[in-house]
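Novice: Let me begin by handing over the structure; questions about it come next.
Taken together, the values in this text are just the output of simple stated rules run on the coordinates, not laboratory data. Computed from a prediction, not measured in an experiment: that's the story for all the values here. Positions of Cβ are generated from backbone atoms using ideal geometry, with glycine treated the same way; all protein chains shown enter the neighbour counts.
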Amino acid sequence: MSAYLARRALSGAIVILAVAAVTFGLLRLVPGGPFTSEKDLPPQVLENLNARYGLDDPLPVQLGRVLIGVPTLDFGNSMKFRERSVREVLAQVGPVSLHLGLQAFAIALVLGLGVGFVSAWRRAERGRAGTGDQALQALVTVGIALPSFVVGGILIYLFAFQWPVLPPARWEGPLHTILPSLTLAAAPAAYIARLSRSSLLDTLSEPFVRTARAKGLTELAVVVRHAIPGALYTVITVLGPLLAALVTGSFIVELIFGIPGMGRFFVTSVTDRDYTVILGITVLYTAVIVGANLIVDLLYALVDPRVRVGEQGGESA
Amino acid sequence: MPQQTDHAGASRARLRALLALTLLLLAACHDRRERGIVIANLSTEPPNLDWSRATDHVSFNVISNLMVGLTEFGEGGAITPMVAESWRIEDEGRRYVFTLREDARWSDGRPVTAADFVYSWQRILDPATGSEYAYLMYVLRNARAINEGKLPVESLGVSAPDARTLVAELEAPSAFFLSLTTFEITFPLRRDVVEKHGAAWTEPGKLISNGPYVLTRWDHESVMEFGANPHYFGPAAPTPRARLLMIPEKTTAMTLYDRGELDVMDNHSLDPLDIPQYENDPRFERVPQLRGYYYGINVSRPPFDDVRVRRAFAHAIDRSIFPKILRGSEWPTSSWIPKGMFAFNEDIGLKFDPDKARALLAEAGYPGGKGFPTVTAMFNTAEHHALIAQALQAQWRENLGVEVSIANMEWKVFLDKLQNDPPQMFRMGWGADYPDPDNFMNLFTSYSGNNKGRWKNARYDALVEQAARELDPQKRRDMYDELQRILLEDDAAIIPLFNVTENTIAQPWAEGFHLSAMARLPLYRVRLIEEKMP
C-alpha cells in the first residue's frame with residue numbers, strides 16, 4: 001500500500017511539474033504580456049518593470065524558478081496585483097472555491113444519489129417507469145441541459161425577488177452560500193442521478209442480487225446491502241474529476257453571485273496575462289485533480305472488496 | 001383508508017409549516033441593509049493601492065477617497081489648491097515653489113510635510129520601484145536619468161527647504177506641470193510607513209492617508225471599507241463610513257441596486273441595456289469624461305497612404321448615430337481634445353459631409369468606390385466596439401460605396417498586433433491621466449509609442465513641445481488649435497468619433513453623488529437621508 005502511494009505520489013509530482021513547464025511555455029507563446037497596455041510604455045519603464053518581476057532573465061532561468069516554486073506554490077508576486085504574492089492570492093481565493101465546491105459536491109452527491117437510487121428502486125419494483133419516475137427523469141434531463149447561469153438566474157429570481165429570503169450575491173456568511181452552491185450542484189446532481197439510477201438498475205438484475213433475494217432477505221436489505229455498493233462503483237469513477245472541477249472554482253457561478261473565488265480569478269488572470277497567478281492556479285488545479293483521482297482509486301478498494309491497491313500493477317481485481 | 005388520508009394530510013401540513021418557518025428564519029437572518037454607511041460597487045479588486053505603482057481607474061477610485069495631493073481638478077477644469085495652499089512660478093516656468101497648508105495631517109495626526117512629497121516623487125522614479133507612470137514625472141530635472149539608473153534619486157529636481165515649502169525644478173518650462181499635481185501618482189508618501197511594512201503598507205491598519213477617509217477593511221476580491229479620517233483638514237465626509245463591493249457582473253450589481261443594497265451606480269456597474277430603464281429617474285446623471293474614442297489609420301499602407309482617402313473616410317461618418325446605438329450619452333465630436341479640457345474646440349475636425357467625401361474619394365482615383373481595395377477595420381472583442389465598427393462599415397458602404405471588412409481580436413492580442421503590425425484601421429481610445437491637452441496631443445508625435453498609425457509630421461512634433469512650454473494661455477490655445485488642424489484636417493491621421501460619457505444613478509436617499517470628469521468616485525461627498533431609506 002505504502003509503495004503504491006509512493007509510486008502514485010511520484011508520478012503525480014512529475015505530472016504537476018510537466019504541466020507547470022508546458023504552461024510556462026504556452027504563456028510565452030501567447031501574444032501580449034503582463035505589461036502590454038493601451039498606454040504604451042517608454043522602453044526604460046518597461047525595462048524597470050521586467051527587471052522588477054524577473055522577466056529580463058533568460059527563459060531557462062525563469063523556467064527553473066517556476067519549477068523550484070512548484071512544491072510551495074511560490075511563483076513570486078502577481079503581475080497585476082503587484083503587492084500580493086501568488087501564495088497570498090491563492091490563500092485568499094482558494095478557500096472560497098473550496099468551500100463553495102465542497103458544499104456543492106455534498107449537495108450534488110446527496111441529491112444525485114438520492115434521486116437516482118429512489119428512481120431506480122421504484123422502477124425496479126414496478127417493472128416499468130411510473131409517473132413519478134418519469135418526472136424525476138425529466139428533471140434530471142433539465143438539470144443537465146440548463147447552463148448554470150440560467151439555473152442561477154432562476155434561483156435568484158425565486159429566492160431573492162419572489163420570496164426574498166436569501167441574498168442574491170456576495171460571499172458574506174452561510175446564507176450567501178446557499179444559492180451559489182445549489183446552482184453549482186444542479187448539473188452534477190442531475191448527472192449523478194442519471195448515472196446512479198442506471199447503475200443501480202443494472203446491478204439489480206445481477207445474479208448476486210437474485211441470490212440475495214433467494215436467501216429470503218428483505219428487498220430493502222437486498223438493495224442497501226448488496227445492490228447499492230455495487231452501483232456506487234460506477235458513480236465513484238466520476239467523483240474524482242467532478243470534485244476537482246467543483247473545488248477549483250466555476251467562473252460563471254462566481255461571476256453571477258459575485259463570489260471571490262478561484263475560477264473567476266483564473267479567467268481574469270488569463271485575460272491580464274498575469275503569468276505568475278496563472279501558473280499558481282494551474283499547478284494547484286493539477287494537484288487537486290491528481291489528488292482527487294488518487295482518493296477515488298483508494299475508494300474503489302473500500303467499496304469493492306475485489307479491488308486491492310498496492311499489489312503488482314498498482315491495482316488488480 | 002380515511003385514517004391514512006388524514007395522516008397524509010397532517011404530514012403535508014407539518015411539512016408546509018416547517019417550510020414556512022424555514023423561510024421566515026432565513027428572511028430574519030438576512031439583513032438587507034446596514035445604516036450609516038454608503039455602499040457602492042467598485043466592480044473588481046483594485047490591483048494596487050500603492051499610488052507610486054497604481055495605473056488603473058479602479059485603484060485610483062479608492063486612492064482618491066483616501067488621499068489628497070498638492071492640488072485637485074475642480075469645477076470647470078480649474079486646478080485648485082489642496083495640500084498646497086499657494087504656489088508661485090519662477091525662472092520663466094522652470095521652478096515651482098509650493099507652500100503647504102499648516103493644518104494638513106496624516107490620519108495618525110502627523111503633519112503632511114514637503115519631505116513626504118520629495119520621498120514620493122523620488123520613489124516613483126527609482127527604477128527599482130518599477131512604476132509604469134514614472135515617465136509622466138520626466139518633466140522634473142534629472143528624472144529621466146534617474147529612472148534609467150544613471151543618477152541617484154537624490155539628484156531629482158525636488159527639494160524641501162522646510163516642512164511647508166516644496167520646490168520643484170523642471171527640465172524645461174511646462175505648462176501642464178500643475179495639472180500633473182492633481183494626479184494620484186504625485187501624492188505624498190510616508191517613508192516610515194513604507195519602509196516599516198514593505199509591500200504590505202497598503203493594507204488596513206498600515207495605510208496612513210491624508211484624505212477624507214481611512215482604509216479600515218479590505219477583504220481581497222470581496223469588500224473594502226473606509227472610516228472617517230479625524231485629522232482631515234477638509235470638510236468631513238457626510239457619511240462617516242463607506243463600503244466598496246467588488247461585483248464584476250453588471251446584472252448582479254443591478255440586482256443589488258434594485259434591492260436597495262447599493263446606494264450609487266457608475267458606468268462600470270450600470271449595464272448599457274438597463275440605461276433606458278433608468279434614464280428618466282431624477283437621480284440619473286450623464287457625466288462627460290475627459291476620454292476620447294477614435295479610429296486610427298495606418299498611413300503607411302495603401303490606400304490610406306493617400307490623405308484624400310483618409311479625409312474621405314472621416315467626412316463620410318455621421319457621428320450622431322453613436323449615442324443611439326450605444327444607448328449612452330456619448331458626445332459625438334470630430335475634434336480630439338475632449339470637452340471640458342483646456343483648448344477644447346468643437347469646430348475643428350472633418351465634419352459629416354457625404355458629398356465632399358465622395359468627391360475626395362473620386363479625386364483619389366476611386367469614383368463611387370469603384371476599384372477600392374479591400375480594407376480591414378480592427379477592434380478588440382467587446383460588444384460596443386462591434387456595434388461601432390458595424391455602424392462605420394454601413395456608413396462607409398452607403399456614403400462612399402466601399403466595402404470595409406471588420407475583425408476583432410482578444411484585447412492583448414489586439415494590442416500586440418497594433419504594436420508590431422498595425423492594421424489599416426483600428427479602434428482606440430484615450431483617457432486623461434492629467435487634465436491637460438498635452439496628454440492628448442503628445443500621443444501622436446513621431447516618437448510616441450502610442451502613435452500606432454505610424455504617422456509623422458515634423459511641424460507637429462515641434463509644436464507639441466512648444467505648446468507644452470508655453471505659459472501664455474491664449475498663445476497656448478492657438479497652438480493646440482493648429483495642432484488639431486494638422487492632425488485631424490490637414491493630415492487626417494486619426495478619425496475622432498465621440499467623447500465618452502459616464503452614466504450614473506443614485507438611490508433617492510443618496511445625495512451629493514457626482515462622478516468627476518476623470519471618472520473618480522467621490523464617496524466622501526455622499527449624504528444618506530436615513531428617513532428615505534427602505
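Novice: For the condition out of contact with any strand residue (DSSP E or B) (no Cβ under 8 Å at 6 or more places or on another chain) and outside any helix (DSSP H, G or I), what is the one hit in B:ASP108, B:ASP116?
Specialist: On inspection, the qualifying residue turns out to be B:ASP108.
Novice: For B:ASP274, which of the numbered conditions (1) outside any strand (DSSP E or B); (2) acidic (Asp, Glu); (3) in contact (Cβ under 8 Å) with a residue 40 or more places away in the chain fails to hold?
Specialist: Going through (1) outside any strand (DSSP E or B); (2) acidic (Asp, Glu); (3) in contact (Cβ under 8 Å) with a residue 40 or more places away in the chain one by one, B:ASP274 breaks only (3).
Novice: Hey, another quick one. How many residues, within the stretch A:226-255, are over 18 Å from the mean Cα position of the chain (by Cα) and surrounded by 22 or more Cβ atoms within 10 Å (Cβ to Cβ)?
Specialist: Looking only at that region, the number is 3.
Novice: So is A:GLN134 away from chain B (no Cβ under 12 Å), without any contact (Cβ under 8 Å) to a residue 60 or more places away in the chain and closer than 30 Å to B:ALA200 by Cβ or not?
Specialist: no
Novice: Next question, about the same structure. Failed condition for A:GLY64, given (1) over 26 Å from the mean Cα position of the chain (by Cα); (2) buried (at least 20 other Cβ atoms within 10 Å of the Cβ); (3) more than 10 Å from every other protein chain (Cβ to nearest Cβ), with all others met?
Specialist: (2) is the only condition that A:GLY64 fails.
Novice: Filter the stretch A:70-105 down to residues that are without any contact (Cβ under 8 Å) to a residue 24 or more places away in the chain and among the small types (Gly, Ala, Ser) and give me whichever is farthest from A:PRO188 (Cα to Cα).
Specialist: A:SER85
Novice: Take B:GLY453 and decide whether it is within 14 Å of chain A (Cβ to nearest Cβ) and surrounded by fewer than 21 Cβ atoms within 10 Å (Cβ to Cβ).
Specialist: Criteria not met by B:GLY453.
Novice: Another question, then. Looking at the structure I just gave you, is A:LYS39 surrounded by fewer than 16 Cβ atoms within 10 Å (Cβ to Cβ) and facing chain B (nearest Cβ under 8 Å)?
Specialist: Spelling it out, A:LYS39 is indeed surrounded by fewer than 16 Cβ atoms within 10 Å (Cβ to Cβ) and facing chain B (nearest Cβ under 8 Å).
Novice: Also, I was wondering about something else. Take the residues in the stretch B:79-105 that are in contact with a Pro (Cβ under 9 Å, 6 or more places away or on another chain) and part of a loop (DSSP other than H, G, I, E, B), then tell me which one is farthest from B:VAL153 (Cα to Cα).
Specialist: Top of the filtered list is B:ASP103.
Novice: State yes or no: is B:ALA253 among the hydrophobic types (A, V, I, L, M, F, W, C), under 19 Å from B:TRP509 (Cβ atoms) and outside any strand (DSSP E or B)?
Specialist: yes
Novice: Please tell me if A:TYR275 is within 23 Å of the chain's Cα centre (by Cα), within 14 Å of chain B (Cβ to nearest Cβ) and farther than 30 Å from B:THR251 by Cβ.
Specialist: When the stated conditions are applied, A:TYR275 passes them.
Novice: Going through the stretch B:155-169 one residue at a time, which ones are closer than 23 Å to B:ALA78 by Cα and surrounded by 20 or more Cβ atoms within 10 Å (Cβ to Cβ)?
Specialist: Within the stretch B:155-169, B:LEU166, B:ALA168 meet the criteria.
Novice: Let me ask another. Tell me which residues, restricted to the stretch A:199-246, are on the phi < 0 side of the Ramachandran plot and not in a helix (DSSP H, G or I).
Specialist: If the condition is that a residue be on the phi < 0 side of the Ramachandran plot and not in a helix (DSSP H, G or I), then A:SER205, A:GLU206, A:LYS215, A:LEU217, A:THR218 are the ones that fit.
Novice: Separate question: From the list B:ALA128, B:ALA199, B:ALA145, which one is within 14 Å of chain A (Cβ to nearest Cβ), farther than 23 Å from B:PHE233 by Cα, touching an Asp or Glu at 6+ places or on another chain (Cβ under 6 Å) and assigned to a helix (DSSP H, G or I)?
Specialist: Checking each option against the conditions leaves just B:ALA199.
Novice: Would you mind finding the one in A:ALA13, A:ALA18, A:ALA6, A:ALA51 that is closer than 25 Å to B:LYS412 by Cα and small (Gly, Ala, Ser)?
Specialist: Checking each option against the conditions leaves just A:ALA51.
Novice: Given the structure, is B:THR99 more than 14 Å from chain A (Cβ to nearest Cβ), touching a residue at least 60 places away in the same chain (Cβ under 8 Å) and either more than 22 Å from B:THR55 (Cβ to Cβ) or hydroxyl-bearing (Ser, Thr, Tyr) (or both)?
Specialist: Yes; evaluated as a whole, the condition is true for this residue.
Novice: I'd like the residue in the stretch B:388-403 that is within 23 Å of A:GLU38 (Cβ to Cβ) and crowded, with 17+ Cβ neighbours inside 10 Å and, out of all such residues, is farthest from the other protein chains (Cβ to nearest Cβ).
Specialist: Per the criteria, the residue is B:ALA391.
Novice: In a helix (DSSP H, G or I), touching a residue at least 60 places away in the same chain (Cβ under 8 Å) and of a type in the set (A, V, I, L, M, F, W, C), is that true of B:ALA462?
Specialist: No, not satisfied.
Novice: As an exercise: evaluate A:ARG170 against (1) touching a residue at least 40 places away in the same chain (Cβ under 8 Å); (2) assigned to a helix (DSSP H, G or I); (3) among the charged types (D, E, K, R) and give the number of the one condition it does not meet.
Specialist: So A:ARG170 meets the others, but not (2).
Novice: Of all residues in the stretch B:42-63, which are farther than 19 Å from A:LEU41 by Cα, over 14 Å from the mean Cα position of the chain (by Cα) and more than 9 Å from chain A (Cβ to nearest Cβ)?
Specialist: B:SER43
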